[in-house]
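Student: Here it is, the structure in full.
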Amino acid sequence: MRKTMTTLLMGVVAAVFLTACASTGGSGGQEGAGAAGGAGGAASGAEAYPAGGSGGVQGQGLAGQAGLMAKRTIYFAFDKSTVKPEYRDIIAAHAAYLSAHPKLTVTLEGNTDERGSREYNIGLGERRAEAVKQMLLVQGVAANQVHTISYGEERPVCTAHDESCWRLNRRVDIVYSGQ
């Protein structure tokens, strides 16, 4: 009973926070430091959306949610840690699944393209992973179910030196573990 009340209270607090943010026209925490700008701002980059995002998860049924669950990579714009709106339904589907399966955990692996220093890219990868984590937490996932790590530029999925490849490396991978 206490856990249910705590979860309900957290949901109410999140709803009030989201309403306040929506009315002030906040920017969503985009960074603007640039590759040579050092660690950049501490903004999480997580845009808050209600569970189900734009209604996609709640209105799609099991088949639609299974399709979203198969997607485990969130891509980012160059030098940004703000989650793009097109990924909110994917994150919401994972949040619903994790909430329903409290013994499961995920590791959010932040990655960047090769541009920028190693130190900057480790920080950027961490900010990206934290942005996805915050979206999961706002949607009711327990904090002990979500872990983050940044690989920076060290784990590219594509090694060509052009934009078509770099865009594939600017990502957070959602990796499940636990039972």
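Student: Restricting to region 116-150, what's the tally of residues that are in a helix (DSSP H, G or I), over 20 Å from Arg170 (Cα atoms) and under 12 Å from the mean Cα position of the chain (by Cα)?
Tutor: 2
Student: Okay, moving on. Out of (1) buried (at least 22 other Cβ atoms within 10 Å of the Cβ); (2) under 23 Å from Leu68 (Cα atoms), what's the single condition that is false for Asp113?
Tutor: (2)
Student: Quickly run through region 151-179 and pick out the residues that are of a type in the set (D, E, K, R), in a strand (DSSP E or B) and touching a Phe, Trp or Tyr at 6+ places or on another chain (Cβ under 8 Å).
Tutor: Arg171
Student: Please indicate, with yes or no, whether at least one residue in region 164-178 is loosely packed, with under 15 Cβ neighbours inside 10 Å and modelled with pLDDT of 95 or more.
Tutor: Within region 164-178, one or more residues are loosely packed, with under 15 Cβ neighbours inside 10 Å and modelled with pLDDT of 95 or more.
Student: Give all pairs with beta carbons closer than 7 Å in which a residue from region 117-129 that is open to solvent by less than 10 Å² (accessible area, probe 1.4 Å) meets a residue that is in a helix (DSSP H, G or I); count only pairs at least 6 apart in sequence or on separate chains.
Tutor: none
The values are calculated or read from the model by the stated rules, or taken from the named source; none is laboratory data. As the structure is a prediction and not an experimental result, all values here were calculated from the model. Positions of Cβ are generated from backbone atoms using ideal geometry, with glycine treated the same way; all protein chains shown enter the neighbour counts. In case anyone asks, the SASA skips ligands and DNA or RNA and just uses the protein heavy atoms, side chains included. Shrake-Rupley method; radii C 1.70, N 1.55, O 1.52, S 1.80 Å.
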